[in-house]
Amino acid sequence: MKNKLVSLISKYKYFLIYLLLFAFISFIFNPKQKEYYLTKDIQTFQESHYLKIAVIGSVILICVMLTIGFLRKFKFHQILNTIVFTSFICFSVFLLMQNTITCFCLWVNRFDSKKEIIESYRTLSITDNKYFIAKNTKQPDDFIDQSDYFKYSGLKDASKLKRGDTLSLKFKQGLLDINYFEAE
């Protein structure tokens, strides 16, 4: 029985390593990165920067593959196949792994902070000591809800908040100009 298990593991060792790596990234790394950011900041980053990152990454990958093709003296049709294959891989990777690539960028963002930012939010409404919305005092289109505030503060309810209270949130601006906070 032990020999069968060892032979099975050695036969599928690369697949098992891939599964462990995938599980680590999906269930530990990605959620951990999102703990340092407000939801709106992650969405803003994805909407404004992700397409650029995907295009630049794809161009770099295609250039590397073409360089390898030319160095190995591939024929013209092999180079075309390489371009098509690499384009498909880029499309698949950047489409299917958007969450992971975004989390990787969020991780890189926290390597160094440029400056500290203090944002003030005024609570607009509170219901059931649990749900509320707060509006930024300086930027009229910037709102936070209870989930972002609870993530920032570590609180579980809004029982100490009243309508009109001012919440001060302290952020750091990272390498990629994304605001993040240190979990309390």
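The values are calculated or read from the model by the stated rules, or taken from the named source; none is laboratory data. Remember, it's a predicted structure, so these values are computed and weren't measured experimentally. Cβ placement follows ideal geometry from the backbone for every residue including glycine, while neighbour counts extend to all protein chains displayed. Note: accessible area is taken over every heavy atom of the protein model, side chains too, but ligands, DNA and RNA are not part of it. Shrake-Rupley method; radii C 1.70, N 1.55, O 1.52, S 1.80 Å.
Which cross-chain or sequence-distant (5 or more) residues have an amide H under 5 Å from the amide H of ALA158, H modelled 1.01 Å from N in plane?
Counting only residues 5 or more places away or on other chains, the set is LYS130.
Can you tell me the accessible area per residue over the range 1-109, all protein chains present, probe 1.4 angstrom, in square angstrom?
On the way: 8150 Å² over 109 residues.
Accessible surface, normalised per residue, equals 75 Å².
How large is the convex hull of the C-alpha atoms of the range 32-74 per residue, in Å³? It would help to have the intermediate numbers written out before the result.
Details: hull volume 3.1 nm³, N = 43.
Given the Cα convex hull of the range 32-74, per-residue volume reads 72 Å³.
Under the Karplus relation 6.51 cos²θ - 1.76 cosθ + 1.60, θ = phi - 60°, what is the ordered set of whole-Hz ³J(HN,Hα) values for the range 12-29, x standing for Gly and Pro?
10, 4, 5, 5, 5, 4, 4, 4, 5, 5, 4, 5, 4, 5, 6, 9, 10, 5
Can you tell me the mean projection area, over all orientations, of the convex hull of the range 28-118's alpha carbons? Units nm², please.
On the way: hull surface 30.8 nm².
Quarter of the Cα hull surface area: 7.7 nm².
Please compute, over every Cα-Cα pair in the range 80-123, the percentage with a separation greater than 13 angstrom. Display every interim value, and only then the final one.
Working: 672 of 946 pairs.
In whole percent, the long-distance tail amounts to 71.
From the P(r) of the range 65-146, could you give the percentage of C-alpha pairs in the tail past 22 Å? Write down the numbers at each step before the final one.
Values: 2120 of 3321 pairs.
More than 22 Å apart: 64 percent of the Cα pairs in the range 65-146.
Convert 37 °C to kelvin, take the viscosity as 0.692 mPa s, use the Kirkwood radius over C-alpha pairs of the range 115-184 as Rh, and evaluate the Stokes-Einstein diffusion coefficient in µm²/s, rounded to a whole number. Present the calculation step by step, with values, prior to reporting the outcome.
Details: Rh = 12.5 Å.
For the chosen part, D equals 262 µm²/s.
Would you report the distance distribution of C-alpha pairs in the chain as whole percents per 5 angstrom bin, up to the bin with the largest distance?
1, 7, 11, 13, 13, 12, 11, 9, 7, 6, 4, 3, 2, 1, 0
Considering Cα pairs under 8 angstrom that are at least six residues apart, work out the relative contact order of the chain and quote it in whole percent. Mind showing how you got there, number by number?
Numbers: 202 pairs, mean separation 42.1, N = 184.
It rounds to 23 percent for the chain.
How many angstrom separate the Cα center of the range 1-22 from the Cα center of the range 161-184?
A separation of 45 Å, based on Cα centres.
Take each of the peptides 99-108, 137-146, average the number of other beta-carbon atoms within 10 Å over its residues, and list them starting from the highest.
Details: 99-108: 17.7, 137-146: 12.9.
In decreasing order of mean packing, 99-108, 137-146 become 99-108, 137-146.
Cα-based count: Lys pairs in the range 23-111 below 30 Å, eight or more positions apart or different chains?
Values: LYS32/LYS40; LYS32/LYS52; LYS34/LYS52; LYS40/LYS52.
Going through the range 23-111 pair by pair, I get 4.
Explain nothing, just compute: Karplus ³J(HN,Hα) = 6.51 cos²θ - 1.76 cosθ + 1.60, θ = phi - 60°, for every residue of the range 158-167 in order, whole Hz, x for Gly and Pro.
For the range 158-167, the Karplus-derived couplings read 10, 5, 8, 8, 10, 4, x, 5, 9, 9 Hz, x marking Gly and Pro.
So what's the gap between the Cα centers of the range 120-160 and the range 71-90, to the nearest angstrom?
With the range 120-160 and the range 71-90 each reduced to a Cα centre, they are spaced 52 Å.
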